[in-house]
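First up is the structure itself, then whatever we jot down about it.
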Amino acid sequence: FGLKESIMPSLLRHLAIVALMSMALISASPAADSKPHRVAIQVDQNDPQVMSLALGNASNVIEYYRDKNQDVEIDIVAYGPGLHMLRADTSLVQDRIRRLKDMVFPGKIQFSACNSTKQGMEKAEGHAISILPDAIVVPSGVVHLMELQEQGWSYVRP
């Protein structure tokens, strides 16, 4: 009987230490306080399949990290012929963009339209071009992608 009484307090102390160490490891896990995952997706083709694939990639990435309780930021950058994705008059995916941006994943996704491409298209077509209200205009799509990568963003080209 005396042996059990001397082992029990020691065993309880060890269990308490193990429990505290486990809690410290859990709170220090990457999911608890990590920086958001960030990915830039390039669209440089006037191809509805490429545009759809880019939107699908974005949705899948967001869902993946949402299931892990981790933050993710996505910037879909359209330039060259890919700017048609974000043109109000030619986008074949504008309804999907609106749903993705406003209803499904608010605040997690940005659409960036290349101003250099926009200006070139306006000059070639002889009229102003409207960009979707769900997009922002950046000075240069390529430079924007470069700067995102320099800031540690991952890069995907569907």
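The values are calculated or read from the model by the stated rules, or taken from the named source; none is laboratory data. Please read these numbers as outputs of a predicted model, since none were measured by experiment. We place every Cβ from the backbone using ideal geometry, glycine too, and count neighbours over all the protein chains shown. Note: accessible area is taken over every heavy atom of the protein model, side chains too, but ligands, DNA and RNA are not part of it. Shrake-Rupley method; radii C 1.70, N 1.55, O 1.52, S 1.80 Å.
Placing pseudo-labels 7 Å out from each Cα toward the beta carbon at LYS123 and VAL142 gives an inter-label distance of 1.5 nm. Can you spot the lysines whose alpha carbon is less than 29 Å from LYS68's alpha carbon? Ignore those fewer than 8 places along the same chain. Candidates past the 8-residue exclusion: LYS35, LYS101, LYS108.
Close amide H pairs (under 5 Å, H built 1.01 Å from N) link SER154 with ARG38, VAL39, ALA40, residues at least 5 positions away or on another chain. Principal axis analysis of the Cα atoms in the stretch 48-158 yields extents of 49, 31, 22 Å, listed in decreasing size. The HN-Hα couplings worked out from phi for the stretch 89-97 by the Karplus form 6.51 cos²θ - 1.76 cosθ + 1.60 (θ = phi - 60°) are 8, 10, 5, 8, 10, 5, 5, 5, 4 Hz, whole numbers, x standing for Gly and Pro.
Given a 1.4 Å probe and the protein chains as shown, HIS37 ends up with an accessible area of around 60 Å².
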